[in-house]
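So the structure is just underneath, and the comments pick up after that.
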Amino acid sequence: MRKSPDFNPLKSQLHHSPARLFPEVEESSELSVACYRADYSASRIASAVEDAEAHLLNLNVTSEVLSSGEIVVDLRVSHRNAAAVARSLERYGFEVIAVRGASINDTDDTLSSRVGELLAHLNV
């Protein structure tokens, strides 16, 4: 294999860093799903995420294998609240084993607070 004259191994290593593969995204949440290898389909996972009105930002098939023989797939989606995405993935037959991001209660508390402020403003 020929290397280009401006090949820099350090630059090449930085190009493949984990931060590049899973960059921080503010308005997002992460899920881990489990499925058997024969049932794995990136397009089905993407469809399940999109059915929940979200975008699939990252998908990574991990090296983790559960005792049941299922593989673990990590996802990042474009919603802070992943509850709808988790339900959609389960309807598609994927088992959601972990969710990281804002909880449903955090979102409900924010909405309740805003409604309370609006009502107080309207009653002035």
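The values are calculated or read from the model by the stated rules, or taken from the named source; none is laboratory data. On a predicted model such as this, the values are computed, not experimentally measured, just so you know. Using ideal geometry, Cβ is built from the backbone for each residue, glycine included, and neighbour counts are taken over all protein chains shown. With ligands, DNA and RNA removed, areas are computed over all heavy atoms of the protein, side chains included. Shrake-Rupley method; radii C 1.70, N 1.55, O 1.52, S 1.80 Å.
Of all the criteria given as (1) open to solvent by 60 Å² or more (accessible area, probe 1.4 Å); (2) in a loop (DSSP other than H, G, I, E, B); (3) touching a strand residue (DSSP E or B) at 6+ places or on another chain (Cβ under 7 Å), the one not satisfied by residue 67 is (3).
Here 80, 91, 114, 100 are screened, and the one residue that is among the charged types (D, E, K, R) and modelled with pLDDT of 90 or more is 91.
The set of residues in segment 38-58 that are open to solvent by 60 Å² or more (accessible area, probe 1.4 Å) and not aromatic (Phe, Trp, Tyr) comprises 38, 39, 43, 44, 50, 51, 53, 55, 57.
The set of residues in segment 28-37 being open to solvent by 30 Å² or more (accessible area, probe 1.4 Å) and either in contact (Cβ under 8 Å) with a residue 60 or more places away in the chain or touching a His at 6+ places or on another chain (Cβ under 6 Å) (or both) consists of 30 alone.
Is there a residue being out of contact with any His (no Cβ under 8 Å at 6 or more places or on another chain), of a type in the set (A, V, I, L, M, F, W, C) and at pLDDT below 85 anywhere in segment 8-15? The answer is yes; a qualifying residue exists. Restricting the first member to segment 76-92 and to residues that are within 9 Å of residue 31 (Cα to Cα), and the second to residues that are surrounded by 17 or more Cβ atoms within 10 Å (Cβ to Cβ) and of a type in the set (D, E, K, R), the beta-carbon pairs closer than 9 Å and six or more apart or on different chains are 76/30; 77/30; 82/30. Exactly one condition in (1) at pLDDT 90 or above; (2) in a helix (DSSP H, G or I) is false for residue 75; which is it? Here residue 75 clears every test but (2).
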